[in-house]
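The structure appears below as structure tokens.
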Amino acid sequence: MTGGAGFIGTNFLLLMVDKYPKDRFINLDVLTYAGNLKNLTGIQERDNYTSYRTDIRDREMLEQVFKREDLEAVIHFAAESHVDRSITNPTVFAETNVIGTLNLLDLSRKYGISRYVQVSTDEVYGSLGPEGYFVEETPLNPNSPYSASKASADLFVRANVETFGLNALITRCSNNYGPYQFPEKLIPLMIWHALEDKPLPVYGDGLNVRDWLYVKDHCEAIDQVFRAGKAGEVYNIGGNNERTNLEIVKLILKILGKSEDLINFVTDRPGHDQRYAIDASRIRKQLGWEPSTSFSVGIEKTIKWYLEHEIWWREILSGEYNQYYAETYHNR
């Protein structure tokens, strides 16, 4: 799997390495700013876990892993994912999310991979009005360089299914939250600012709506898609928790006992999608998956985790985590 030192990949590995001790997990991660090796200290010495510092944009480097390891399947998490950064530097997103995916697809065919899962996002569908939901057949209509790069990657996956018969699937999730999320994203950013009594920056009027999915629920859904999903299928994965950004911010302040006076409305982001909402009936009907964590429970657990792991996010803010992985990563 790729991107295992990032937010969702970390949670997936920590869950699956324990759940499937007879399966061997090989983590490929180049360790960009969003990759944190300390996330995985609990499994690094496990017999069924191996890691490589590998850049999916570098086909030659990537092929060395495919040659060395007897791979059966690929689950592709690795991506540049922050919309603001994609507006500043779209090229990096095209290189990682499109070229990196193409490299993985080409090598998956070359080395006979039997199953490929592309972990994507609901942002490829664009923006919704006050009514309606994204279904798997919703036309792709991305509005940011990030979502455009993910949509392009998804289409290359589809082309590999239709043209080459690759056994591939695509998952498209709503906004994730939970432990180990890099503190540039909404929920961890607001928790950090609230704890330090800093202004909480809210884009525009704060009324943009997102469907929030607890990361463990997402990981369990990916596992079910990987093991039982229909080849060539797309599966939407949603949390059934639509909230405005402003509601989220106010709730975090309430739980932490902080004043709403800390809210600071700032100039809206260009191309800011108004609403995302997912219809996840396909994965429910075909695979029996439903989210098990309500937002009220999930946000309490998330805030508690950040309170209990202050060293973790403070090392990210200071950059100390980068020094750690530079010295300890298995670069085989």
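The values are calculated or read from the model by the stated rules, or taken from the named source; none is laboratory data. Keep in mind the model is a prediction, meaning the values are calculated, not measured. All Cβ positions, glycine included, derive from the backbone under ideal geometry; neighbour counts span all protein chains shown.
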**OP:** Identify the single condition in (1) more than 19 Å from the chain's Cα centre (by Cα); (2) under 24 Å from Trp305 (Cβ atoms); (3) at pLDDT below 95 that Gln274 does not satisfy, given that it satisfies every other one.
**Re:** (2)
Original post:
Tally time: how many residues in the range 51-89 are over 27 Å from Pro145 (Cα atoms), of a type outside the set (D, E, K, R) and in a loop (DSSP other than H, G, I, E, B)?
Top reply: 1
**OP:** Could you tell me whether the range 82-89 includes any residue that is modelled with pLDDT of 95 or more, out of contact with any His (no Cβ under 6 Å at 6 or more places or on another chain) and among the hydrophobic types (A, V, I, L, M, F, W, C)?
**Re:** no
**OP:** Please determine, by comparing only the residues of the range 103-120 that are closer than 11 Å to His76 by Cβ and not β-branched (Val, Ile, Thr), which one is nearest to the chain's Cα centre (by Cα).
**Re:** Ser120
Subject >> Matching option when the condition is acidic (Asp, Glu) and without any contact (Cβ under 8 Å) to a residue 40 or more places away in the chain, among Glu95, Glu63, Glu69 >> reply: Glu95
Original post:
Which of the strands (runs of 3 or more DSSP E) contained wholly in the range 180-254 include at least 1 residues that are under 30 Å from Phe164 (Cβ atoms)?
Top reply: 234-237
Original post:
Say we look at the range 190-220 and pick out the residues that are surrounded by fewer than 17 Cβ atoms within 10 Å (Cβ to Cβ) and among the hydrophobic types (A, V, I, L, M, F, W, C); which of these is farthest from Gln286 (Cα to Cα)?
Top reply: Leu195
